[in-house]
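Remarks on the structure that follows.
The values are calculated or read from the model by the stated rules, or taken from the named source; none is laboratory data. What you see is a predicted model; the values in this text were computed from it and never measured. Reconstructed Cβ throughout: ideal geometry from the backbone, glycine too, with neighbour counts over all protein chains shown.
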Amino acid sequence: MGEIIRRIKLTDKTNSGIDISEKALRAYMKRLEDCSKAIMDMYLDKSRGIISEDNFVSMSKYFHNERVKLENQVRQMKEEMNEYGARLKTAGDKAEILAKYMNVYKLTREYIEVLIELYLRRSQTS
């Protein structure tokens, strides 16, 4: 039983890790918005004659590259979070099943069916 509790606590820690990742994702999204706004502002400054064509091109190139990099990081973080969430759900499901059938004193038909189902699932994924 202590093992199950330890795994559940691990799940709680993992959830806080996902919360941290969500905060980082929001920060990347904010920076992405800032890059887009900076490009718009630069265009307006260029059209008003505040900055030169050369400055506009170099700064625009910088912000465009930054935006592409941030978009890739955001996409990668979302993929990792989705994958991690799926693994976390699977681990939680396993812990729930273990807790349910941990103290079995009598084998019933239900228990045997569950064991067979779990065995078959495991052999299919291996």
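Restricted to region 28-56, and to residues that are surrounded by 13 or more Cβ atoms within 10 Å (Cβ to Cβ), more than 26 Å from residue 78 (Cα to Cα) and of a type in the set (A, V, I, L, M, F, W, C), which residue is nearest to the chain's Cα centre (by Cα)? Filtering first and then ranking leaves 42. Given the condition surrounded by fewer than 10 Cβ atoms within 10 Å (Cβ to Cβ) and under 24 Å from the mean Cα position of the chain (by Cα), answer yes or no: does some residue in region 104-121 qualify? So far as region 104-121 goes, no, none of its residues is surrounded by fewer than 10 Cβ atoms within 10 Å (Cβ to Cβ) and under 24 Å from the mean Cα position of the chain (by Cα).
For region 7-16, state whether one or more residues are in a helix (DSSP H, G or I), out of contact with any helix residue (DSSP H, G or I) (no Cβ under 8 Å at 6 or more places or on another chain), at pLDDT below 85 and among the small types (Gly, Ala, Ser). Yes, because at least one residue in region 7-16 is in a helix (DSSP H, G or I), out of contact with any helix residue (DSSP H, G or I) (no Cβ under 8 Å at 6 or more places or on another chain), at pLDDT below 85 and among the small types (Gly, Ala, Ser).
Would you point out the residue of region 66-116, among those that are of a type in the set (S, T, N, Q) and in a loop (DSSP other than H, G, I, E, B), that is modelled with the highest pLDDT? Per the criteria, the residue is 108.
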